[in-house]
Every structure is written in structure tokens, then in C-alpha cells.
């Protein structure tokens, strides 16, 4: 063998052949990738929960009879209610949830007024550059504190 011998792996000399350096396993890379995938899944799951949850709440608030029916059916199954008990539970659900919706309707104008005052008072002390950002923030506050309007409770099935 001479020194000009083509080298395929490692260093080749007349005395000994040195194997190529072994690549260290990149476990940290795999762990990091796993954590990244886990966090991404959590973020996507949380986002979907918020989107679907809001949609369901709005749907039930806009159509309380659906909420009454769904709640009644769940209680009937989980409590093994008779037909007579189911009818009585349905009446209680309609009355109590209807009363809660009515309370919300009575209180909503007061909440809207306080939110309007809050928005207007803060707006007065801001400069032009701050107003756009404030309006965006306020929309989030308003959405969180002021659920959608509710139609009148629907009696009957």
C-alpha cells in the first residue's frame, strides 16, 4: 500500500486502518422534535376547543330549545329516568334555564353601558397612535364580557 491509496473510510496508512468517527446519536434532537410536536398539538387542540366551544355556546344561546333537549336527554340516559321523570326534568330545565337567560337579558344593557363608558373614557386619554391598538384590545374585552344576544325563551318542544 502506498500513501496515495484512495481512502474510502477513515484514514488508511501502511501501519493501521482507522475507522471513520462514529456519529453520536442525536437524542437531544429527537427529544426536541418530540416536545415541539407535543406543544404544537396542544396549541392546535386548545385553539379548536375555543373555536368549537364558542360556536356551541352561541348555538345553544340562540336556540335554547336545543340546550333543553340535549340536557334532558343526557340526564335521562345518565340517571335512567322514566318517561314521566324525563318530562318533569324537561319542564324544570326550561323554567330554570329560561329564567337565567331572562336575567341575562335584563342585565345586558347595564353591562353594555359600563363597557361603553370604559371604552370612551380610555379613548379620551390616548393619542392617535394608541387608538388603533386600544380598539383591538377593547374588541377582545367586549367579546369576553358580553356574550351574544339571546332570543326570547321558546316554550314547548
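The values are calculated or read from the model by the stated rules, or taken from the named source; none is laboratory data. Everything quoted here is computed from the prediction, not taken from an experiment. Methodologically, a virtual Cβ is constructed for each residue, glycine included, from the backbone with ideal geometry; neighbour enumeration extends over all protein chains shown.
Tabulated data
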| item | result |
| --- | --- |
| From 93, 51, residue being exposed (fewer than 12 other Cβ atoms within 10 Å of the Cβ) and within 30 Å of residue 143 (Cβ to Cβ) | 51 |
| Filtered residues of the stretch 12-37 (kept if at pLDDT 75 or above, out of contact with any strand residue (DSSP E or B) (no Cβ under 6 Å at 6 or more places or on another chain) and either at positive phi or surrounded by 10 or more Cβ atoms within 10 Å (Cβ to Cβ) (or both)) | 17, 20, 26, 30, 31, 32, 33, 34, 35, 36, 37 |
